[in-house]
1. Name the single residue, out of those in segment 119-130 being surrounded by 13 or more Cβ atoms within 10 Å (Cβ to Cβ) and modelled with pLDDT under 95, that is farthest from residue 191 (Cα to Cα).
2. For segment 150-203, which positions are touching a helix residue (DSSP H, G or I) at 6+ places or on another chain (Cβ under 7 Å), assigned to a strand (DSSP E or B) and more than 21 Å from residue 53 (Cβ to Cβ)?
3. Would you confirm whether any residue within segment 35-56 is at pLDDT 90 or above, closer than 18 Å to residue 164 by Cβ and in a loop (DSSP other than H, G, I, E, B)?
4. Quick one: how many residues across segment 133-156 are farther than 23 Å from residue 198 by Cβ and out of contact with any strand residue (DSSP E or B) (no Cβ under 7 Å at 6 or more places or on another chain)?
5. State all residues of segment 74-89 that are at pLDDT 90 or above and surrounded by 13 or more Cβ atoms within 10 Å (Cβ to Cβ); if no residue qualifies, say none.
6. May I ask you to verify whether residue 29 is buried (at least 17 other Cβ atoms within 10 Å of the Cβ), modelled with pLDDT under 95, touching a strand residue (DSSP E or B) at 6+ places or on another chain (Cβ under 8 Å) and more than 19 Å from residue 168 (Cβ to Cβ)?
7. Please go through segment 90-113 and give me each residue that is surrounded by fewer than 19 Cβ atoms within 10 Å (Cβ to Cβ), in contact (Cβ under 8 Å) with a residue 60 or more places away in the chain, part of a loop (DSSP other than H, G, I, E, B) and under 13 Å from the mean Cα position of the chain (by Cα), ordered by number.
């Protein structure tokens with residue numbers, strides 16, 4: 001597929017999620033407003049849980065049922081592949097398919113357009129420098145999440161805006177997750193002794209939900 005085709009596909013996939021996000025963010029803000037309407041609102045912790053469920057399901061489906069069916073995964077032949085295409089970091093230049101982490105980032109970029117709600121991936125073993133933990137909250141959180149495979153949540157301030165932030169374990173849910181990551185040249189250079197296995201925590205999904213002052 002062409003770059004334009006993938007962009008259009010991603011945009012159509014993310015539009016429902018964006019609408020959902022807008023609704024739950026409005027509800028989360030109402031939760032902190034201190035008026036009677038807040039009684040019917042949803043706690044920020046539940047909002048981020050709901051968002052993570054949607055994000056995780058969409059990413060898992062893409063990994064298993066799109067990337068997992070391709071014949072080549074980041075330069076490595078996929079014996080179970082049935083679609084003659086490659087999932088590669090350089091998908092635009094090589095007429096390939098975005099890696100799961102790249103597709104997730106494409107959605108995050110579209111989803112954050114015009115708003116303060118953000119989400120993304122971080123890891124101790126990051127390949128893309130943009131996925132490195134940033135700030136005290138993420139540095140503490142990634143250590144906790146990778147050690148316990150449990151969510152890490154709390155409030156923080158970013159650029160003068162108060163957020164409820166939540167980090168969830170990013171699990172290797174399909175063979176394509178580990179094969180693509182382990183075979184990546186940057187991973188092999190930076191972390192030669194780190195070999196991911198199926199069902200292992202590879203990092204975290206972080207969601208930053210803007211909260212209005214009460």
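1. 128
2. Selection gives 156 alone.
3. Yes, there is a match, as at least one residue in segment 35-56 is at pLDDT 90 or above, closer than 18 Å to residue 164 by Cβ and in a loop (DSSP other than H, G, I, E, B).
4. Number satisfying all stated conditions: 5.
5. 78, 81, 83, 85, 86, 87, 88, 89
6. Yes, satisfied.
7. The answer is none; no residue qualifies.
Let's see how each residue does on (1) over 20 Å from residue 87 (Cα atoms); (2) loosely packed, with under 13 Cβ neighbours inside 10 Å; (3) touching a residue at least 40 places away in the same chain (Cβ under 8 Å); (4) under 16 Å from the mean Cα position of the chain (by Cα):
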{"position": "139", "(1), (2), (3), (4)": "yes, no, no, no"}
{"position": "148", "(1), (2), (3), (4)": "yes, yes, no, no"}
{"position": "179", "(1), (2), (3), (4)": "no, no, yes, no"}
{"position": "202", "(1), (2), (3), (4)": "no, no, yes, yes"}
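The values are calculated or read from the model by the stated rules, or taken from the named source; none is laboratory data. None of the values given here were measured: they were computed from a predicted structure. No Cβ is skipped: glycine too gets one built from the backbone with ideal geometry, and neighbour counts run over all protein chains shown.
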